[in-house]
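Undergrad: Okay, handing you the structure first.
The values are calculated or read from the model by the stated rules, or taken from the named source; none is laboratory data. The structure presented is a predicted model; accordingly, all values stated were derived computationally and were not measured. Cβ: placed from backbone, ideal geometry, glycine included. Neighbour counts: every protein chain shown. Just so you know, the surface numbers come from the protein's heavy atoms only, side chains and all, with ligands and any DNA or RNA stripped out. Shrake-Rupley method; radii C 1.70, N 1.55, O 1.52, S 1.80 Å.
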Amino acid sequence: MIELAVGIFNGIGIGSVLLIAALGLAIVFGLMGVINLAHGELMMLGAYATFVVQNFFRDLDAGDGVFGLYIIVALPVAFLVSAVAGLILERGVIRFLYGRPLETLLATWGVSLILRQLVRSVNWLLTIAILLFCALFFGGMWLLRRRPNWEGMKGWAIAILLPLSLAIAGIAGWAMTGNATLARPWFGPRNLDVSTPPWLRGGFELGAYRLPYSRMFIIVLTILCLAGIYWFFNRSDWGLRIRSVTQNRDMSACLGIPTGTVDALTFALGSGLAGIAGCAITLLGSVGPNVGQNYIVDTFMVVVVGGVGNLFGAIIAALTIGVSTYLLGSGALARVFEDINSLQFVAEFLRFFTSTSMARVMVFVLIIAFLQVKPSGIFPQKGRTAEL
């Protein structure tokens, strides 16, 4: 039974990561109706931000224990990096596609592919070329927008500035390709290891088993995120504005609430939570371009099973999926039935799913069966909100 309790604890650690990521996804979908397929890549950006902060603190450390503090700094940095990326995504892509769910789905999927390739290929050359393009294009647009006849010249201004900025940035990048230092990739396609801070290594001894401190940290981090989200939506002015726009966008706009700003803030908040989840998963494994894809499907399942927009439902769904996947994949559940002679067939059946991929298949089958009974999740929306 101790082994089962340890398995449940480790499963809660995985479920906690899913819950943080699902909170951001549910907030964005609940307010804007946007299914963000790039949410996993926003988690990936948070994980890479943690890797960069870790390297920075490793260089600073002179044997005085400074390195152990990197995770405290990495959390807000990962939140800000993913929030800014989400804000750019909302302002640059999503806001032009409101009310068009299929196009939004395809656009965010395309962004996810771009972000994955970006972290594989990014180097100083690419960074300089992108910054040069942004300075030329957006700087030129800002200058021309000040002219009184801007609306009349907007079309040809974009038609000239866009290819001209691309050409200058491309030529500048090509001219510097001979510099090996500038052309060296920052991260590359390989997975990178993030070292756990010394004070999070080891664990609490429980007989022959150990409860890792890193998973305890993830659980505490999830509780703090839940408390922060609850306070933000129920006590802050912008949280009340977001809830108002969620319930009735037109009426909120009539009352003077800037719905465009609310959309941008909501998307940034949801993306920032994905960044925190990305920081948390660095304590569970290595960082790579596909790290977000390992969690995004489970995160969507948490939102669907818990019921869109229901915090309590998301908590139950995340913990259930996380614990079930871990108990099945680690074989802890199968070993419980091995000691019972009359239930050996159950142990044999569960042993067939003793791997991460097969455990996920089993959990998805159970989720599909559950959704046949309750298609709107554990806590479906009721009343007027369900019609929005």
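Undergrad: Taking 7 Å along the Cα-to-C-beta vector as the label spot, tell me the residue 97-residue 297 distance in nanometres, rounded to one decimal.
TA: 2.2 nm
Undergrad: Please find, in a Gaussian network model of the chain (springs between Cα atoms separated by less than 10 Å), the residue of 80, 131, 69 whose mean-square fluctuation is greatest.
TA: 131
Undergrad: What dipole magnitude, in Debye to the nearest 20, does the chain give about its Cα centre under +1 on Lys/Arg Cβ and -1 on Asp/Glu Cβ? Could the numbers behind the result be given before it?
TA: Values: 25 positive and 18 negative charges, 185 e Å.
Using Cβ point charges on Lys, Arg, Asp and Glu, the chain gives about 880 debye.
Undergrad: If you don't mind, another one. If each DSSP helix of 4+ residues adds -39,500 (n - 2.57) and the sum is divided by the residues in the chain, what number results at 222 nm, nearest 500 deg cm²/dmol?
TA: Numbers: 16 runs with 279 residues, N = 388.
Per the formula, -24000 deg cm²/dmol.
Undergrad: Shifting gears a bit: Tabulate in residue order the Karplus-calculated ³J(HN,Hα) for segment 348-362, using 6.51 cos²θ - 1.76 cosθ + 1.60 with θ = phi - 60°, rounded to whole Hz; enter x for Gly and Pro.
TA: 5, 5, 6, 5, 4, 9, 7, 6, 4, 5, 5, 4, 5, 4, 4
Undergrad: Then there is this: Report in % the part of the accessible area of the chain that belongs to carbon and sulfur, leaving out ligands and nucleic acids; probe 1.4 Å.
TA: Answer for the chain is 68 percent, counting heavy atoms of protein chains only.
Undergrad: Okay, moving on. Enter the accessible area per residue of the chain (Å², integer; probe 1.4 Å; all protein chains in place). Let's see the in-between values first.
TA: On the way: 19950 Å² over 388 residues.
Accessible surface, normalised per residue, equals 51 Å².
Undergrad: In nm, give the distance between the simple-model label positions of residue 208 and residue 142, each being 7 Å from the Cα along the Cα-to-Cβ direction.
TA: 6.5 nm
Undergrad: So what are the ³J(HN,Hα) numbers for segment 284-294, from phi and the Karplus equation (6.51, -1.76, 1.60; θ = phi - 60°), rounded to whole Hz, Gly and Pro as x?
TA: For segment 284-294, the Karplus curve yields 10, x, 7, 10, x, x, 9, 5, x, 5, 5 Hz.
Undergrad: Can you tell me the 0 to 90 degree angle between the C-alpha axis of helix 70-92 and the longest principal axis of the chain, rounded to 10?
TA: Value to nearest ten degrees: 50.
Undergrad: Further, regarding this structure: Residues with amide H under 5 Å of residue 287's amide H, sequence separation 5 or more or different chain, H placed in the peptide plane at 1.01 Å from N; which?
TA: Answer set, sorted by chain and number: 192, 193, 194.
Undergrad: Taking amide H atoms as placed 1.01 Å from N in the peptide plane, list the residues 5 or more away in sequence, or in a different chain, whose amide H sits under 5 Å from that of residue 203.
TA: 213
Undergrad: When the Cα centres of segment 227-248 and segment 79-131 are compared, how far apart do they sit, in Å?
TA: First find each Cα centre; the distance between them is then 26 Å.
Undergrad: Can you compute the FRET efficiency between residue 338 and residue 184 using 1/(1 + (r/R0)^6), with r the Cβ-Cβ distance and R0 = 51 Å? Round to the nearest 0.05. Mind showing how you got there, number by number?
TA: Values: r = 52 Å, r/R0 = 1.03.
After rounding, the FRET efficiency stands at 0.45.
Undergrad: Where the centre of each part is set by its Cα atoms, how far does segment 154-181 sit from segment 337-359, in angstrom?
TA: Here the two parts' Cα centres lie 60 Å apart.
Undergrad: Before anything else, pin down the relative contact order of segment 1-153: Cα pairs under 8 Å, at least 6 apart, normalised by residue count, whole percent.
TA: Values: 79 pairs, mean separation 35.9, N = 153.
Relative CO of segment 1-153 lands at 23 percent.
Undergrad: Right, here's the next one. For segment 330-381, compute Rh as the Kirkwood radius over C-alpha pairs and then the Stokes-Einstein diffusion coefficient at 4 °C and 1.567 mPa s; write the answer in µm²/s, rounded to an integer.
TA: Numbers: Rh = 12.5 Å.
Result for D is 104 µm²/s.
Undergrad: While we're on this one: Assuming R0 = 30 Å, can you tell me the calculated FRET efficiency for the pair residue 370 and residue 224, based on Cβ-Cβ distance, to the nearest 0.05?
TA: Numbers: r = 30 Å, r/R0 = 0.99.
The computed FRET efficiency comes out at 0.50.
Undergrad: Can you give me the Cα centroid spacing of segment 10-37 and segment 276-322 in angstrom?
TA: Here the two parts' Cα centres lie 6 Å apart.
Undergrad: Hey, quick one: spin label on residue 356, modelled 7 Å out along Cα-Cβ, who in segment 262-291 has an amide N within reach, i.e. under 20 Å?
TA: 275-291
Undergrad: Within segment 154-232, which trypsin sites (Lys or Arg not before Pro) sit in a loop by DSSP and count at most 15 neighbouring Cβ atoms inside 10 Å?
TA: For trypsin sites (Lys or Arg not before Pro) across segment 154-232 that sit outside H, G, I, E and B with at most 15 neighbouring Cβ atoms in 10 Å, the list reads 190, 201.
Undergrad: Roughly how tilted is helix 39-60, in degrees to the nearest 10 and between 0 and 90, from the longest Cα axis of the chain?
TA: Helix 39-60 sits at roughly 90 degrees to that axis.
Undergrad: I want the local charge near residue 288. Using Cβ-Cβ distances under 14 Å, sum +1 for each Lys or Arg and -1 for each Asp or Glu among the other residues.
TA: Numbers: positive: 116, 120, 190; negative: 41, 193.
My count for the surroundings of residue 288 gives +1.
Undergrad: Next up: Please list 3J(HN,Hα) in residue order for segment 172-189, calculated via the Karplus relation 6.51 cos²θ - 1.76 cosθ + 1.60 where θ = phi - 60°; whole Hz, with x for glycine and proline.
TA: 4, x, 5, 5, 9, 5, x, 7, 5, 5, 6, 8, 6, x, 6, 10, x, x
Undergrad: What angle do you read, to the nearest 10 degrees and between 0 and 90, between the alpha-carbon axis of helix 2-32 and the longest principal axis of the chain?
TA: 30 degrees
Undergrad: Given Cβ point charges of +1 (Lys, Arg) and -1 (Asp, Glu) and nothing else, what value in debye, to the nearest 20, does the dipole of segment 248-388 about its Cα centre take? The partial results should precede the final answer.
TA: Numbers: 7 positive and 7 negative charges, 29 e Å.
Result for segment 248-388 is approximately 140 debye, rounded to the nearest 20.
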